[in-house]
Each structure stands twice: as structure tokens, then as C-alpha cells.
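One structure is given here, and the rest of the page talks about it.
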Amino acid sequence: SSFTRILHPQHQEEHCHGLLGFGMNASGQNPNVFFQAAAVRLCDIPSDRFIALPRREAVRLADASGYKYIAEGSPDWRALHRSGRLTSSRLGGLLNLWAPPNSKVLGFKSTPNQGLERLLDAYTQLTGPPVNLIEGGDVAEARRQNVRAHLDAGGVSTTGSDVDAERAGAAQTQGLVEEMKVGKARLLQGQGSLMHVRLAWGSAQEASTIQTLCERFGDSRFFMEVGMMEPDADTLKRYGFEAGGLPPLGSTPDCICVASAASREQAVEAFADMSATESRIQVVEVKNTTPFRLSRRKKMFEISDSGPRQRVDAVWVVQLQFHLLCSGADSAWLVSRSATKGTNVFEMERDDEYIQMLLTCVNVFYERYCVPGKRPPKNALSDVKEHRQLLLKTRQLALRAALFDHVPHQPLEGADLRGFLPV
């Protein structure tokens, strides 16, 4: 790709700094999953190169393309995930990636129970009716209204009274944020599990990772919050599938990157119609690494930052290519940010042959098990030629994913530098 520059991994030699009072063996009972984070929510990112979604009440849903304006985690977004729709979170389960013979091909360990549990979870999801939020009406007019609402999102008034109100609101918000951080630390203290810490770290650090991207690439790119994206009928027809052969599909990347947009207006227009824009669209998926590990001392954690991911895991390939199918984008970024050792950005190109295999497997699973309501066996899809090909190519694509950039560690302005919280 002409957009890709391969960097030597000299970042491996970076010295860990920024702990400010916490040595690498600092320990405590209450890990702060917001350690080194500045923005807590996407809408808090302090950059004019980040564009938040409009308010839900301003969005028109004339067709499914409007779903991308519904913010992740909102009631309507959760409703779309309730049943009947295949999303990226369950795609790996449907493809039976966690069945031990398949996970071995992909290079990770799993148990028969893990594989069957994820397989049946995907099956159960697809046996229910999908939620439909489409309101109907003129699609072109709805698109124009959504563009106007998107341009208005995140605007800040500069009048004196509004600034005073904003400052007062910021102080109140800061208090609520601190309360939320302490509450999260208490919850993790009660769970006492490194897995829970890792999961909490991933979601807590997402906004600051995107803030890091804005600071690094903001001179040539806009980063945009995004809801659920669905491939349209024409896209699926190009792969040979008509309505009814597949369940409704939808994916929600962590954000969208618009390259070469000269203005906010151009970026918003590109977002509105991703398949008909000259601005390059990329999907962004964030996979952060926690700096915490369990200490030898009972119920204690310690800081030991191993740095960002050095490669793309095979299980992420399915998610990235599914994002590319649903968005129509040509490439995806896999971004891994560590607390103190910088951020790695990997790039993966769209692979239509791979997407064809993926959709074929989804079609077979859906028509063989979901439509007739037949419980799938633990070795589901093992007799499907395209499934075997998909497993092998998944590993190949993971190995071929290129390091696009390494962003050296630099504490974000306003970052929380406390490794542990006094709870």
C-alpha cells in the first residue's frame, strides 16, 4: 500500500518513563485502569480532528445506513445486538474458531468447552428475530439531515456565559469521573482477577488511544466515532448472496479514519456515503495491553508494562475483514497502545477472496442450523471446504499485517498518572 511505511522496531529499546512515582515493580491492591488515560469517553477527546456522533434524536433512520449514527453502548445500539443479527463479537464463535483443532491452526490454545460455548452462543443469537429500527421515509433527505446533525455535533460555543457554564460543568464532570474510577477499582478489587482487569483496561483506554491517533496523524486525517455498519444488498450480491441466504450483518469498529479529507465537512460527507467517496476510509480497531500483572503477594497487582502488541493475532483477522465488509473500506488499522511504551499501528488490506470464504461459511451455518432450528455439533463446518481454506488464510493474513507506525510514549495532557487508587 502506498499509505504504508514500514518502520524498524527500534521502539523496543525505548526506556519506560511516565510512571512518575511508580517503579516498574510498583504494586497495590487497586489497579487504576485509567492509568495514563486522559479522555475517558470518546466525546471528551480534545481534538478538532475527532468528530463525535450527533445526538440520537437528531438522527433519521430511513434505511439501515443510518445505524452508523447510533452510538455504541446506547439503548438503540444494544437493541440492534439483542437477537437475530450477526455481529463481530459472535462471528468467531459461529466460525468455530475456538474448537481446539481450529484454534491450533490459528496458533492459540482453547478447550472443547470454550469452543462449544461460543458456537452455541452464536447459534442462539441467530435463532431469534432481528430488531428493526428503520423509520422509513425519503432516504436522500434523511442522509442530508444526518449530515447536518453530524456537522453540528461537538460544537462549542465561545460566548462568555457559555464558557463559564462549561467550566462549571467540567468541574462537576471531573468529580463524577473520579467517582467512577474509584468505583471501578473497588469492583476489580472484589473480583481479584487479572482477566477482569484486562477487560476493564481495554474499554477504559479506548478514548485515549484514539486521542493518541489524533495527535499523531491529525495533520492528514480525521477520526470519527461510528455506530453499527451493515453491508448493503448490492455489496452482498457482488459476493453472490441474495436476501435470505444470510442473517442481518453488522459491525462496530472503535472508530473510522478518513484520510485526505481537507475539511470537517468533507470528512462528514465521506462518512455519510463511504462507498462513493474519493477520501480514503479506514476502519480502526483498538487492542490495548494492560501494564498490570498479579503479584506474588496475595491479592496484589504490580505494574510490569510489556509494551504494545508486536503482531496481529489471528483471531483479530476475522473481525478486521468483517469490519471491511460492513463498511466498504479498503483497509483497517489494528492499534495497540501500552501505558508507558508507546503505540503500534498495524495495517491490513481488504481481501475479497477471504470475505467470500467468510460469507460462504456464514451462509452454510445459517441455512444448515439457524433456519431449521437445529443445534450445531461441536465440529460444525468441519466438512466445509471454504472453512478449511479460511482457517489457513486467517493465519497468513495475520502474518502479513504490516507495521504502519510506532508512536513513542508521550504522556497525554491531563493524563491520570496514578497506577493505583486508594480505595
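Details
- With only the Cα atoms considered, the range 268-423 has a convex hull volume of 220 Å³ per residue.
- Kirkwood radius, the range 55-123, all distinct C-alpha pairs, inverse of mean reciprocal distance: 14.0 Å.
- Furthest towards positive pole of dipole, Ala142, Pro112, Ala122, structure part the range 99-156, Cβ charges: Pro112
- With eigenvalues of the C-alpha gyration tensor scaled by 5 and rooted, the range 177-310, Å: 37, 21, 13
- Per-residue ³J(HN,Hα) for the range 391-408, Karplus 6.51 cos²θ - 1.76 cosθ + 1.60, θ = phi - 60°, Hz, x for Gly and Pro: 4, 5, 6, 4, 4, 5, 5, 4, 5, 8, 4, 8, 6, 7, 6, 10, 9, x
- Legend: residue pairs Lys68/Lys184; Lys287/Lys393; Lys109/Lys393; Lys181/Lys299; Lys109/Lys374; Lys109/Lys378, Cα-Cα distance threshold 23 Å; pairs beyond threshold, Lys68/Lys184; Lys109/Lys374.
- Radius of gyration over Kirkwood radius for the range 186-245, both on Cα atoms: the Rg/Rh ratio is 1.24.
- Base-10 log of normalised Debye intensity for the chain (one unit scatterer per alpha-carbon) at q = 0.07, 0.10, 0.11, 0.12 Å⁻¹: -0.35, -0.75, -0.91, -1.09
- Lys, Arg +1 and Asp, Glu -1 on Cβ, resulting dipole of the chain about Cα centre, debye, nearest 20: 2060 debye
- Net charge dipole size for the range 170-293 [Lys, Arg +1 and Asp, Glu -1 on Cβ; Debye, nearest 20]: 740 debye
- Rounded to the nearest 20 debye, the dipole size of the range 278-411 about its Cα centre is 1080 debye, using +1 on the Cβ of Lys and Arg and -1 on the Cβ of Asp and Glu.
- Net charge of Cβ neighbours under 13 Å - reference Gly137; Lys, Arg +1; Asp, Glu -1: -1
- CD proxy at 222 nm, helix term only [per DSSP H run n ≥ 4: -39500 (n - 2.57); per residue of the chain; nearest 500]: -12000 deg cm²/dmol
- Values of log10 I(q)/I(0), in the order q = 0.12, 0.22 Å⁻¹, for the range 37-157 under a Debye, Cα-only, solvent-free model: -0.66, -1.12
- Compactness of the range 320-399 is given as radius of gyration and Dmax, 16.1, 51 Å, from Cα positions.
- Rounded to whole numbers, the Karplus 3J(HN,Hα) couplings from phi for the range 307-322 are x, x, 4, 9, 7, 8, 5, 4, 5, 7, 4, 4, 4, 5, 5, 5 Hz, using 6.51 cos²θ - 1.76 cosθ + 1.60 with θ = phi - 60°, and x at Gly and Pro.
- Inter-label distance for Asp138 and Leu294, nm, one decimal - labels placed 7 Å from Cα along Cα-to-Cβ: 6.2 nm
- Bridge orientation summary for the chain: considering DSSP beta bridges with both residues in this region, about 75 percent are antiparallel.
We did not get these values from a lab; they are worked out from the coordinates using the rules stated. Quick caveat: nothing in here was measured; it's all calculated off a predicted structure. Because the Cβ atoms are built from the backbone with ideal geometry, glycine has one as well, and the counts that use them run over all protein chains shown.
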